[in-house]
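The values are calculated or read from the model by the stated rules, or taken from the named source; none is laboratory data. Just so we're clear, the structure is a prediction, and the values are computed from it rather than from any experiment. Backbone-built Cβ (ideal geometry, glycine too); neighbour counts: all protein chains shown.
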Amino acid sequence: MQVPADLLFIIYKSSRSQLENQTSYNLYLDYQLIPSTDYRGKIRYFDRNQESFKYLDEDQRLDIHLDFSKALFEIGNYHRFVQCADPLIEQVIMNNVYVHNGDKIFEELLFKKSAALFNLRKYDEAIRILQSLVKIDKEHVMAKRLFALCIRKRGKSWYDLSKAAAIVLLFSAVSILFVELVIVSSFFLEYLEPVILLRNVLILSASALLIGREMAMFWCIRGEVYR
């Protein structure tokens with residue numbers, strides 16, 4: 001009795017699928033044996049077997065991709081981590097998987113993505129994510145700290161410029177003090193009072209500039225992070 005070709009093809013596909021699933025599962029188990037802190041080893045293993053992992057069931061596939069993304073973050077491969085984070089965030093939302101191995105995985109992915117963007121100096125993108133994260137979890141202390149740091153870095157140009165201006169004023173005051181002690185107080189007493197006044201004005205201006213920049217930054221952070 002001849003077996004129909006269609007039936008043979010179905011049997012072949014079924015057997016092949018079972019074999020691929022078993023192979024993928026064995027690779028998944030081997031991945032779990034890699035020491036938890038051997039991040040580079042995990043990345044190498046994942047890259048070698050990435051195609052096979054797509055045959056895992058949904059939970060196992062999510063588990064291994066989350067662990068792989070963690071390894072990328074831990075070794076500082078922030079570019080690749082950001083690329084991996086977006087599909088993972090989408091999958092977590094679609095599958096309603098908000099807790100994974102006891103961690104709030106959605107918030108963790110958002111925080112790590114913002115931290116990766118911060119390290120890549122993409123402060124505006126990091127701030128947008130942190131704004132959402134702080135709304136979701138108002139008690140997320142690390143997110144608030146990173147948020148404040150991003151704001152400082154984003155405003156670094158005017159913040160550093162004001163510091164540079166204050167330093168110039170202080171150096172000018174020191175120079176005037178030197179001239180005052182060496183020359184004016186010995187030979188030009190009639191100019192002593194205006195010179196002292198100028199020196200004090202420069203010192204007060206520098207101090208006011210330094211205090212003002214810190215207050216401005218404080219209120220800027222307070223307004224965005226803690227509103």
Worksheet item: Among (1) of a type outside the set (Ser, Thr, Tyr); (2) under 34 Å from the mean Cα position of the chain (by Cα); (3) at pLDDT 80 or above, which single condition is VAL225 missing?
Response: (3)
Fill in: Within segment 34-64, considering residues that are aromatic (Phe, Trp, Tyr) and assigned to a helix (DSSP H, G or I), the one modelled with the highest pLDDT
TYR39
Response to the item:
Only unsatisfied item for HIS100, checking (1) more than 30 Å from ARG44 (Cβ to Cβ); (2) modelled with pLDDT under 85, is (1)
Response to the item:
Flagged in segment 160-180 as within 17 Å of LEU197 (Cα to Cα) and not hydroxyl-bearing (Ser, Thr, Tyr), in numbering order, are LEU169, LEU170, PHE171, ALA173, VAL174, ILE176, LEU177, PHE178, VAL179, GLU180
Discussion item. Could you go through segment 46-63 and let me know if any residue there is of a type outside the set (Lys, Arg) and within 27 Å of LYS135 (Cα to Cα).
Written reply: yes
Worksheet item: Does segment 148-171 contain at least one residue that is surrounded by 14 or more Cβ atoms within 10 Å (Cβ to Cβ), within 30 Å of GLU107 (Cα to Cα), free of Cβ contacts under 8 Å to residues at least 60 places away in the same chain and of a type in the set (A, V, I, L, M, F, W, C)?
Response: yes
Practice prompt. Give me the pairs, please: first residue somewhere in segment 194-212 and free of Cβ contacts under 8 Å to residues at least 60 places away in the same chain, second residue anywhere and of a type in the set (D, E, K, R), beta-carbon distance under 8 Å, and either six or more positions apart or on two chains.
Written response: VAL195/GLU180; ILE196/GLU180; ARG199/GLU180; LEU210/LYS163
Practice prompt. Kindly indicate the residue of segment 61-85 that is among the charged types (D, E, K, R) and within 22 Å of LEU27 (Cα to Cα) and also surrounded by the fewest Cβ atoms within 10 Å (Cβ to Cβ) among those meeting that condition.
Written response: ARG61
Worksheet item: When you look at LYS144, is it surrounded by 15 or more Cβ atoms within 10 Å (Cβ to Cβ) and either modelled with pLDDT under 85 or in contact with a Phe, Trp or Tyr (Cβ under 8 Å, 6 or more places away or on another chain) (or both), yes or no?
Response: yes
Fill in: Members of segment 93-133 found to be within 28 Å of ASP59 (Cα to Cα) and outside the structural domain of VAL82 (by TED's automatic domain parsing), listed by number
ILE129, LEU130, SER132, LEU133
